[in-house]
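The values are calculated or read from the model by the stated rules, or taken from the named source; none is laboratory data. Everything numeric here is computed off the predicted structure, so don't read it as measured data. Counting neighbours? That spans all protein chains shown, and the Cβs are built from the backbone with ideal geometry, glycine included.
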Amino acid sequence: MNPSKKVVLSAVQPTNSAHIGNYLGAIKNWIPYLELYDCLFFAVDLHSITVNQDPTELRENTYRSIATYMACGIDPAKATLFVQSQVPAHAELAWVLTCNSSMGELSRMTQYKDKSQRHGTHIPTGLFTYPVLMAADILLYGTHLVPVGEDQKQHLELARDLAERMNHRYPKDSAGVESPLFQIPEPMIAKVGARVMSLQDPALKMSKSDPSPGACVFLNDSDKEIEKKFKRAVTDSGTEVPAENPSPGIQNLIQIQASFLEEPFEKVHSRYIGKQYGYLKVDTASVAVEKIRPIRTEIDKILNDRDYLTKVIRKGQETAAARAEKVRNEVYKRIGFIGQ
Ligand code: AMP
Ligand code: TRP
């Protein structure tokens, strides 16, 4: 840890494999941060059990999440990669923050409102308190910047509110000196262009949980599967790519190709004006295949070298736990616990 560097922290839920939205909209953009910031990236397995998980799949997907970060270029020598449940301070701080949050503010979370609707009368309490655990994740590391999607902005607001509330309630350290308990985190929201849409319905965000087959291109899809999904991508009733205002489905394909190639949208668009949609689909598929193949191969290689992966996770756990425990101890002291 270099104290002069700002702390950047983000996390994914270890459910399913990552898709190209996660890669292009999130993980890929974090690579430059490795040189600039003190980075922590982790798999939030405690968050994922807010809905039912098959234990074998959860275990595998947790390893897969860390392997995916690494295969996408997050070098474990340059960032702390770890698994949330291996650092008990997350659950411990979450409880303290739960006691400092209100039912009212948690009831306003739109993700809770959406997700709880799927559960009828048996809404898991964890879905309700989920944003408090997320606040604990962030506040434990003195985080300055949190790269997340637009959908997480409200959760970030809650983390900021809780940090400010705790700083106000407990302004003095154990020596009686005034110092803020928590750093107030800022969200870093990806550019609008980084929103990858479903290949089956370009009005919807590409999502792991989309039940429509072909909507989502996963990083562990085979070359054939990737080609098939792009070939079947929903566009519109036209035939040729227009110079002005291409439809959302066409825009999405252009955007995906542009993001993989790191070219401007306009440059990719200009190659296809007046051409039939098929060319755009075939080329975008081939770019995706070429870019995903080495990542998929690397994920498999890392997953097959369990000893190495376990070592990376252990080292991440040690680093993260040492940092998190310091902050938790300070919280415990300030709130009046007798401490360790
Ligand atoms: P999730 O898969 O929802 O846990 O998201 C993990 C990260 O990937 C978050 O930072 C999201 O903002 C990002 N992400 C998820 N889906 C997309 C998408 N379709 N387009 C761009 N970024 C996405
Ligand atoms: N809630 C985030 C999501 O569903 C995942 C997450 C948990 C997270 N803890 C975090 C993201 C801390 C950033 C920082 O995508």
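Residue 197 satisfies every condition listed in (1) more than 14 Å from ligand 2 (Cβ to nearest atom); (2) under 27 Å from residue 338 (Cα atoms); (3) surrounded by 18 or more Cβ atoms within 10 Å (Cβ to Cβ) except (2). Take the residues of region 283-317 that are over 22 Å from the mean Cα position of the chain (by Cα) and of a type in the set (D, E, K, R): which is nearest to residue 84 (Cα to Cα)? Within region 283-317, the match that is nearest to residue 84 (Cα to Cα) is 311.
Screening residue 224 against (1) surrounded by 13 or more Cβ atoms within 10 Å (Cβ to Cβ); (2) on the phi < 0 side of the Ramachandran plot leaves a single unmet condition, (1). Whenever a residue of region 179-196 is within 29 Å of residue 334 (Cβ to Cβ) and among the charged types (D, E, K, R), its partners that are modelled with pLDDT of 95 or more and not in a loop (DSSP other than H, G, I, E, B), lying with C-beta atoms within less than 9 angstrom and at least six residues away or across chains, give the pairs 186/145; 186/146; 186/156; 186/160. Among the residues in region 155-166, are any part of a strand (DSSP E or B), under 22 Å from residue 183 (Cβ atoms), within 11 Å of ligand 2 (Cβ to nearest atom) and in contact (Cβ under 8 Å) with a residue 40 or more places away in the chain? Scanning region 155-166, I find no residue that is part of a strand (DSSP E or B), under 22 Å from residue 183 (Cβ atoms), within 11 Å of ligand 2 (Cβ to nearest atom) and in contact (Cβ under 8 Å) with a residue 40 or more places away in the chain, so the answer is no. Taking each residue of region 116-142 that is more than 19 Å from residue 41 (Cβ to Cβ) and looking for partners that are loosely packed, with under 14 Cβ neighbours inside 10 Å with beta-carbon atoms closer than 9 Å, six or more apart or interchain, yields 123/117; 124/52; 127/119; 128/103; 128/107; 132/95. State yes or no: is residue 24 crowded, with 21+ Cβ neighbours inside 10 Å and away from ligand 2 (no atom under 15 Å from the Cβ)? Spelling it out, residue 24 is indeed crowded, with 21+ Cβ neighbours inside 10 Å and away from ligand 2 (no atom under 15 Å from the Cβ). Listed by first and then second residue, the pairs linking a residue in region 40-60 that is in contact (Cβ under 8 Å) with a residue 40 or more places away in the chain to a residue that is of a type in the set (Ser, Thr, Tyr) and within 16 Å of ligand 1 (Cβ to nearest atom), with Cβ atoms under 6 Å apart and 6 or more places separating them unless they lie on different chains, are 41/10; 41/69; 43/62; 43/65; 45/62; 50/130.
Just checking, which of 137, 151 is on the phi < 0 side of the Ramachandran plot, at pLDDT below 95 and within 16 Å of ligand 1 (Cβ to nearest atom)? Going through 137, 151 in turn, just one is on the phi < 0 side of the Ramachandran plot, at pLDDT below 95 and within 16 Å of ligand 1 (Cβ to nearest atom): 151.
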